[in-house]
Each structure stands twice: as structure tokens, then as C-alpha cells.
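Colleague: Provided herewith is a single structure, encoded as C-alpha cells, for subsequent inquiry.
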Amino acid sequence: MPTTLDLLRKYSVPGPRYTSYPTAPYFHTGFGEADWAEALAASAAGRGLSLYAHIPFCDSLCYYCGCNMVATRDYGKTVPYLAAIEREMAETAARIDASRVAHQLHWGGGTPTYLSPDDIRRLMAIMKQHFRIAPDAEISCEVDPRELTRAHLEALRESGFNRVSFGVQDMDPAVQQAVNRIQSAELIRQVMDWSRELGFSSINLDLIVGLPKQTVESFRRTLAQVVEWAPDRLAVFAYAHVPWMKKHQQLIQEADLPDAAVRLGLQQAVNERLGEAGYVNIGLDHFARPEDELVRAQQNKTLWRNFQGYTTHKDSDILAFGVSSISQTADVYMQNEKNLKRYQTRVGYTGFAVERGIRLSRDDRIRRDAITRVMCDLELDFAAFGREWDIGFADYFAEALADLQPLADDGLVELGTERVAVTERGRLFLRNIGMCFDRYLKEAATGDRLRYSRTA
């Protein structure tokens, strides 16, 4: 049997993270504003809503960042942007059933708390004006601790936010210097204390493995510090080094990136230390306390995965606002313009800024469900899945099952006639397992895979 390091080297290939299927590179510009308006009108009144607002602005550039962001100290840029978001929300709300209720709301970026406290209150008031928010909704915001004041957190709390997510990434000074993100342990402790004093019900910390200058020993110190802070959840992402897509990542010296052996050690350290601290590993990259609803959802097989990560709200449409944001209904994905000025101009003309999208075929929906079940449940029951979709699983997925066999031979999955189940060893390779069901990836030209980061 090959070692885990051997397998890491073998299976480290470009591949999707499967926050959607089909994945974003297969959205196309033939899908336009008329198609999106039709999808909104056709979306079922009984489906829940998940609302998202993208705030692209940051005070400074983190070299590892893979998000759509604008580094600027010119706060005036927020004025036309918030006006555009308000227009987009109004046009969207006018095309859906007014009785629909949002059970989830999230702000991401960029840095949402780049907004002033008053603009935080204003933007949330706009969202509440156009959409019904459930009294018990999960309302969360991504936060950069470095420019944060207590007044920002007070504005979030007064506006109804009950969850915050702080970007920590790594606490080692050499790593922070290498990625241009300097923040002290005292600062993180302060913002967490403020959040707890203000009554936020859940605090998440983001970490990244695979950053330049990271060592297993240095990251163990970060993990020890994080465990001491005792967040409710942690998201531990693998750094996606794609300098051909994100030009600023060229500021990272590739010689400083950890090799395969170190990456494996980093991931093993994460699993070991967080497991010792009582956190449960959720799917690909999330950890939560045993009593968390994500853990219960995984146990009950109701966990779902979308562009906002793991969620308990499977049967919801995502209405996303702002530059580059991605919306989805039951059978449609739509992405907004990625350029800030073009986004604002187009919304000013029509109320929308659709850049591309895709309408899912029945095959797309079947494969999305299969991949999601693997990513969330860590197993797939062939008979139950076949009944749900009215297919003969073995025939429909004959090619996928053949592709899974080498992974079974390497001990990454248990593959039988009735089910496939991810092994403990295989959890590091969830993306590779999902890829076996991906028709688009199989049919794509070799060069198309360069649009993805490496899987391990």
C-alpha cells in the first residue's frame, strides 16, 4: 500500500473545489439578463432564500488572495457601489414572490467591514427593505480584524448580524510578512472578546495551509493559539496558487511554498490538533463543535455545499448582489460582471449586470447531487440515489465507477456493489473523488484544467 505522501504526490492535480456543479469555468456568456429574469420569475415560491452581498474593497492587498477585490484607500468608491447594489436588489426583488423568506444572509469580500458603521447599517436596511428576513435567520459577515473597530461590530450587531468570521490565516510573523498580512495575537483576542461581549452567537476563524514560509512546527504554534481562542467553527482552506489567474500572487516566491511533504504535515497537524480540541471535521475544509448544526446536518445527511461553503439550507435559492457575485436557483447559476466599473455601469442601465451563467440539464443536476453527497455525506448509496433520480446507478455512472476503482485500490474509498464510502485516508482527496463524477472535466481539453488549483 502506498504511503499517504506517495498518494499526495500522485493525486495532486488541478481540480475543482465543487462549490457548484457545473463549476464556474463552464458558465457561458450566451446566458444573459433575459435568461436570469426568466429564472427569477420561474423560481418556486416555496423555496427558501439565501442572500449574499459582495463588498470588494480592502485597505491593502493580501498576496494569497483569490477573491475579486479592489485594494484602495479611497472610501468614495463605496458611494456608487452601494447605489448599484441597491438598484440590483430592487430589480431582483421585483421579480420574485414577495412572500419568500430568507433564512440565511451573508456578506463577503473583499472586506465587508471596509464599510463605515453607518454604511453597514444602511446596506442592511436596504436588504431588509427589499426582502423578508426570518427572525431566526443565520446572518453572517466576513471580517478583517486589522482595520476593525468596536463600532463596526456594534453596527453589525445592531443590524441583526449574529455570526462573524475573522480572517486569521497564520499567526507566524515570517508567514505574515511573506503574504503582506500583519496582525498580532493581541489584536485577534481583542476582536473576539468584543464579539463575545456584543452577543454574536457564532465566531468562525479562517486559516490557510500551504502559504509561503509555513512549516509544520510554526503552524502547530498557530493551531495552539487558535484552540486557546476557542472559536465555534474553523475553516481551514488549502492555499490555491494560481498566479496565471491572480497576477498579484506572482509577489509570492514559489520557492517559499511548502513542498508535498510539508503540505501533508500541515494537514495532519490540523486534523490532529483540532480533533484533540474536540472539533469535528466537516467534509473538505470545515471544523465545528459537536453540538453545531453543521455536525448534526452531516449526521442526518442534510448537509449541503454551495458558493458559501457548507450549509444546512439545501433547498434555497441564492440571490447574490455586487461585482462578480454568483446567484443560483434550482437549475440555474448566474455570475455578475467581474469588473467594478462595468458592473456599476450596467446596473445603472438595466438593474442587472449578468456576465455569464448556465441552465442545468437533468444530467447536470444528477451529477451535482452525486458529487455533493460525496463531499457532504462522505458516502453514496447507489440504490437510494437511483430511486431518487429514477436511474439505474451502475449503468448511469459506469464510467465514474471505473474511475473510482484506482482510488479504491489505493485505499481512498471503499467501493462495493451497493455504495461508495470515503475512507479516513481518503478525506484528503475529496476533490479527486468528486472529479470521477464530473462529465465536464472529462470532456475538457487538457489546458482547461489550469483554471483550477491543485487538489492536494
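The values are calculated or read from the model by the stated rules, or taken from the named source; none is laboratory data. These numbers come from a predicted model, not from an experiment. Neighbour counts are summed over all protein chains in view; Cβ atoms, including those assigned to glycine, are modelled from backbone coordinates with ideal geometry.
Colleague: All but one of (1) among the β-branched types (Val, Ile, Thr); (2) buried (at least 18 other Cβ atoms within 10 Å of the Cβ); (3) without any contact (Cβ under 8 Å) to a residue 24 or more places away in the chain hold for Thr423, so report the exception by its number.
Modeller: (2)
So that you can scan it fast, the table gives a plain yes or no per residue for (1) crowded, with 20+ Cβ neighbours inside 10 Å; (2) over 29 Å from Arg305 (Cα atoms):
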| residue | (1), (2) |
| --- | --- |
| Gln104 | yes, no |
| Ile133 | no, no |
| Ala137 | yes, no |
| Val143 | yes, no |
| Gln169 | yes, no |
| Asp172 | no, yes |
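Colleague: How many of the residues in region 344-363 are of a type outside the set (Lys, Arg), buried (at least 19 other Cβ atoms within 10 Å of the Cβ) and within 18 Å of Asp35 (Cβ to Cβ)? Steps first, answer last, please.
Modeller: Step one: filter region 344-363 for residues of a type outside the set (Lys, Arg), giving 344-345, 347-355, 357-358, 360-361, 363.
Then drop every residue that is not buried (at least 19 other Cβ atoms within 10 Å of the Cβ), which leaves 344, 347, 352-355, 357-358, 360.
Keeping just the survivors that are within 18 Å of Asp35 (Cβ to Cβ) gives 347, 352-355, 357-358, 360.
Matching residues across region 344-363 total 8.
Colleague: Just checking, does region 269-281 include any residue being under 18 Å from the mean Cα position of the chain (by Cα) and within 26 Å of Ile188 (Cα to Cα)?
Modeller: Within region 269-281, one or more residues are under 18 Å from the mean Cα position of the chain (by Cα) and within 26 Å of Ile188 (Cα to Cα).
Colleague: Can I ask one more? Can you tell me which condition Leu205 does not meet? The list is (1) at pLDDT below 95; (2) under 30 Å from Ser12 (Cβ atoms), and all the others hold.
Modeller: (1)
Colleague: Looking at region 147-162, I want the residues that are assigned by TED's automatic domain parsing to the domain that holds Glu186 and have a partner that is among the small types (Gly, Ala, Ser) and assigned to a helix (DSSP H, G or I) with Cβ atoms under 8 Å, at least 6 apart or on another chain. Which pairs are those?
Modeller: The qualifying pairs are Leu153/Ser195; Ser159/Ala125.
Colleague: Scan Gly199, Gly210 and give me the residue that is farther than 30 Å from Ala255 by Cβ and in contact with a helix residue (DSSP H, G or I) (Cβ under 9 Å, 6 or more places away or on another chain). Steps first, answer last, please.
Modeller: Numbers: Gly210 fails: farther than 30 Å from Ala255 by Cβ.
After applying the criteria, what remains is Gly199.
Colleague: Of the residues Arg95, Arg87, which is in contact with a helix residue (DSSP H, G or I) (Cβ under 7 Å, 6 or more places away or on another chain), assigned by TED's automatic domain parsing to the domain that holds Ala45, in contact (Cβ under 8 Å) with a residue 60 or more places away in the chain and charged (D, E, K, R)? Spell out how you get there, then give the answer.
Modeller: Numbers: Arg95 fails: in contact (Cβ under 8 Å) with a residue 60 or more places away in the chain.
Going through Arg95, Arg87 in turn, the sole match is Arg87.
Colleague: Then there's this: Out of Arg189, Arg150, I need the residue that is of a type in the set (Lys, Arg), within 27 Å of Tyr64 (Cβ to Cβ) and modelled with pLDDT of 95 or more. Which one? Step through it out loud before you land on a result.
Modeller: Details: Arg150 fails: within 27 Å of Tyr64 (Cβ to Cβ).
After ruling out the rest, the residue left standing is Arg189.
Colleague: Here is a follow-up. Under 7 Å between Cβ atoms, which residue pairs at least 6 apart in sequence (or on different chains) link something in region 319-337 that is in the same structural domain as Thr29 (by TED's automatic domain parsing) and closer than 14 Å to Tyr81 by Cα with a partner that is part of a loop (DSSP other than H, G, I, E, B) and among the acidic types (Asp, Glu)?
Modeller: Pairs that qualify, where the first residue is in the same structural domain as Thr29 (by TED's automatic domain parsing) and closer than 14 Å to Tyr81 by Cα and the partner is part of a loop (DSSP other than H, G, I, E, B) and among the acidic types (Asp, Glu), are Val323/Glu337.
Colleague: Just give me the residues in region 360-411 being free of Cβ contacts under 8 Å to residues at least 12 places away in the same chain and of a type in the set (Ser, Thr, Tyr), in sequence order.
Modeller: Once the filter is applied, which keeps residues that are free of Cβ contacts under 8 Å to residues at least 12 places away in the same chain and of a type in the set (Ser, Thr, Tyr), region 360-411 yields only Ser361.
Colleague: Yes or no: Glu443 more than 16 Å from Val374 (Cα to Cα) and either buried (at least 19 other Cβ atoms within 10 Å of the Cβ) or free of Cβ contacts under 8 Å to residues at least 24 places away in the same chain (or both)? Before you say what the answer is, go through the steps one by one.
Modeller: On the way: more than 16 Å from Val374 (Cα to Cα): yes; either buried (at least 19 other Cβ atoms within 10 Å of the Cβ) or free of Cβ contacts under 8 Å to residues at least 24 places away in the same chain (or both): yes.
Yes.
Colleague: Hey, another quick one. Which residues, taken from region 165-198, are in contact (Cβ under 8 Å) with a residue 12 or more places away in the chain, within 19 Å of Arg233 (Cβ to Cβ) and in a helix (DSSP H, G or I)?
Modeller: If the condition is that a residue be in contact (Cβ under 8 Å) with a residue 12 or more places away in the chain, within 19 Å of Arg233 (Cβ to Cβ) and in a helix (DSSP H, G or I), then Ile188, Arg189, Val191, Met192, Trp194, Ser195, Leu198 are the ones that fit.
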